[in-house]
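Following: one structure in structure tokens, then a few remarks.
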Protein chains: 2
Amino acid sequence: MAGLSLRKVAAALDTGAASLYVYVANLDELHALVLDRVLGEVVTPPQQDGDWRSRLKAALRSYSEALYARPGLAQVALSTIPSGPNMVELTECLLDLLQQGGMELDRAAWAVDLLLLHTSAFAAERDNRRGDDKVALRRAQEALGSVSPEKHPHIHALGAELFSGEQSRYDWALDVLINGVLNTPRP
Amino acid sequence: MAGLSLRKVAAALDTGAASLYVYVANLDELHALVLDRVLGEVVTPPQQDGDWRSRLKAALRSYSEALYARPGLAQVALSTIPSGPNMVELTECLLDLLQQGGMELDRAAWAVDLLLLHTSAFAAERDNRRGDDKVALRRAQEALGSVSPEKHPHIHALGAELFSGEQSRYDWALDVLINGVLNTPRP
DNA sequence: TGTTCTTGACAAACAGTGTTCGTTAGCTAT
DNA sequence: ATAGCTAACGAACACTGTTTGTCAAGAACA
């Protein structure tokens, strides 16, 4: 996905780049199509597997992994307003799970939006932390590590803690969102 | 920011593109520098203005507006691991606010990360909804509006509700995050 | 059968992009 | 005076998405 271009797609199809414009209006549209195709892989656990909360978490984790598996795809999820059939399917499933948790439908609508936005953003962050630019990461760690204890006591006290946790941090964030959504009625 | 290129920057400085590489290693590095400079505009409310919660929300809203004011900048915030002085300042301020709310420092570290990630993602979403591609938005609205009531009853029942709320939705999401963070201890 | 009309396909060109290379000018230190 | 270093710059490389004009095949209609 990162490094995908119309010319490469065309070459793989043994044709020229301009020929693709018959089927696709735009590069962005191609991106959206690829995204929705990948979203077809997202598995939503069946009804009898655990309670709604763990099923919701499993579905979102599956969504996150599908995005993370293709470098650059998470950015696409943040750059387009997805409306493909697989995205509709997933949205409907998440709405259903939240309603099983006793949530009103209008609040569930905003909650699904929030959960998907966060999961996409998290996948994107994980994505561009890997490989891409080890230099920037090391520079950031140094910049935050060697900070004056007087001016920034909290950051100094935390140290490397600011970059800790990969999977556990995602799990925690998901719990934060679900708890928050349950405890915050819509205005 | 969208449409910013090394050549245009160089032209504005009456020089060639290659000359910029003396001061900047990369386009990404230039982006990071621009981001941190803009982050200097973020206002963090003084100690005596209201309680910690409303001050936290005001600071994050200021961060969000600073990103949204420049098209494309929110994407930059999601694509880099920011480590400039202004970002350090903001992080320290947010950590302090959360600690005033009685939160342990290690939980506050993850909370700040989550709050900033969400706010950046929200700004990015708002950003590419505007102007950019009205076609995609209308297509999404049509795709979700004309969905079969049998296969996707929840989405059908919601209708245009899925795209409602701009400012109120952000305020709600912020409350969700703060409530969630307060109610979810670190593992 | 002959003639339009439409659709898919493609090469070439346009207007850009980030980045690298080789070379110059100016300013110190030795 | 010589050497070394830094900033600067033009040109080129290897790409990118998109538009334009042209061409062939098939369908619809007379």
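The modelled label-to-label distance between B:Glu166 and A:Leu137, using points 7 Å beyond Cα along the C-beta direction, is 3.8 nm. Among A:Ala136, A:Ala12, A:Ala108, the largest mean-square fluctuation in a Gaussian network model of chain A, built with springs joining Cα atoms closer than 10 Å, belongs to A:Ala12. Under the classification rounded if a/c is under 1.5, otherwise prolate if a/b is larger than b/c and oblate if not, where does the stretch A:72-151 fall, given a ≥ b ≥ c as square roots of the Cα gyration tensor eigenvalues? Taking the square roots of the gyration eigenvalues as a ≥ b ≥ c, the stretch A:72-151 is oblate. At B:Pro85, with labels set 7 Å past Cα in the Cβ direction, how many nm apart are the copies from this one, shortest first? Between copies, matching label points for B:Pro85 lie 5.7 nm apart. With the label put 7 angstrom out from Cα along the Cα-to-Cβ vector, A:Tyr68 ends up 3.0 nm from the copy partners, going from closest to farthest.
How much of the accessible area of the protein assembly as shown, in percent, comes from carbon and sulfur atoms when a 1.4 Å probe is used? Before the final figure, lay out the partial values.
Details: 9520 of 17550 Å².
About 54 percent, which is the carbon plus sulfur part of the accessible surface.
Ignoring lysines fewer than eight residues from A:Lys57 along the same chain, the ones with Cα atoms less than 29 angstrom from its Cα are B:Lys57, B:Lys151.
Normalising by the residue count of chain B, find the relative contact order in percent from Cα pairs under 8 Å and 6+ residues apart. Please report the intermediate quantities before stating the final value.
Details: 138 pairs, mean separation 36.6, N = 187.
RCO, chain B: 20 percent.
Evaluated over the Cα positions of the protein assembly as shown, the convex hull gives a direction-averaged projected area, one quarter of its surface, of 20.8 nm². Look at where the Cα atoms of the stretch A:97-131 and of the stretch B:1-52 average out, and the two centres are 30 Å apart. What sits nearest the axis between copies A and B, counting only chain A Cβ atoms, is the residue and whole-Å distance A:Gly180, 1.
Counting from the shortest, the label point at A:Ala10, 7 Å from Cα toward Cβ, is 2.7 nm from the same position in each remaining copy.
What number, rounded to the nearest 500 deg cm²/dmol, is the helix-based mean residue ellipticity at 222 nm of chain A, given -39500 (n - 2.57) per DSSP H run of at least four residues and division by all its residues?
It comes out at -20500 deg cm²/dmol, rounded to the nearest 500.
Connecting C-alpha atoms closer than 10 Å in a GNM of chain B, tell me which of B:Asp127, B:Asp49, B:Asp96 has the biggest fluctuation. Result: B:Asp49 has the largest fluctuation of those listed. Evaluating kT/(6 pi eta Rh) at 25 °C and 0.890 mPa s, with the Kirkwood radius of chain A over Cα pairs in the Stokes-Einstein relation, gives 129 µm² s⁻¹.
What value does the stretch A:34-104 have for Rg/Rh, both radii from Cα atoms and Rh as Kirkwood defines it? Spell out each step's value before the answer.
Numbers: Rg = 12.5 Å, Rh = 12.7 Å.
Taking Rh as the inverse mean 1/r over Cα pairs, Rg/Rh reads 0.99.
Residue separation times 0.36 nm, minus the C-alpha to C-alpha distance between A:Asn26 and A:Glu150: what's the value?
Details: separation 124, 0.36 × 124 = 44.64 nm, distance 5.25 nm.
Roughly 39.4 nm would be gained on extension.
Tell me the per residue accessible area of the protein assembly as shown using a 1.4 Å probe; a whole number in Å² is fine.
Working: 17550 Å² over 374 residues.
For the protein assembly as shown, the solvent-accessible area averages 47 Å² per residue.
Counting Cβ atoms of other protein chains within 10 Å of each Cβ in B:168-181 and taking the mean gives 6.
Ballpark to the nearest 100 Å², how much total accessible area do A and B bury together, probe 1.4 Å?
Numbers: alone 11520 and 11510 Å², together 17550 Å².
Its buried surface, counting both partners, is about 5500 Å².
Compare each residue of the stretch A:56-89 in its chain alone against the assembly with all protein chains, and report those whose accessible area goes down by 20 Å² or more; 1.4 Å probe, heavy atoms. In the stretch A:56-89, residues shielded by partner chains: A:Gln75, A:Leu78, A:Ser79, A:Ile81, A:Ser83, A:Val88, A:Glu89.
The values are calculated or read from the model by the stated rules, or taken from the named source; none is laboratory data. Only a predicted model underlies this, so the values are computations on that prediction, with no experimental measurement involved. Quick reminder, even Gly has a Cβ in these numbers, built from the backbone with ideal geometry, and neighbours come from all protein chains shown. Note: areas computed on protein heavy atoms with side chains; ligands, DNA, RNA excluded. Shrake-Rupley method; radii C 1.70, N 1.55, O 1.52, S 1.80 Å.
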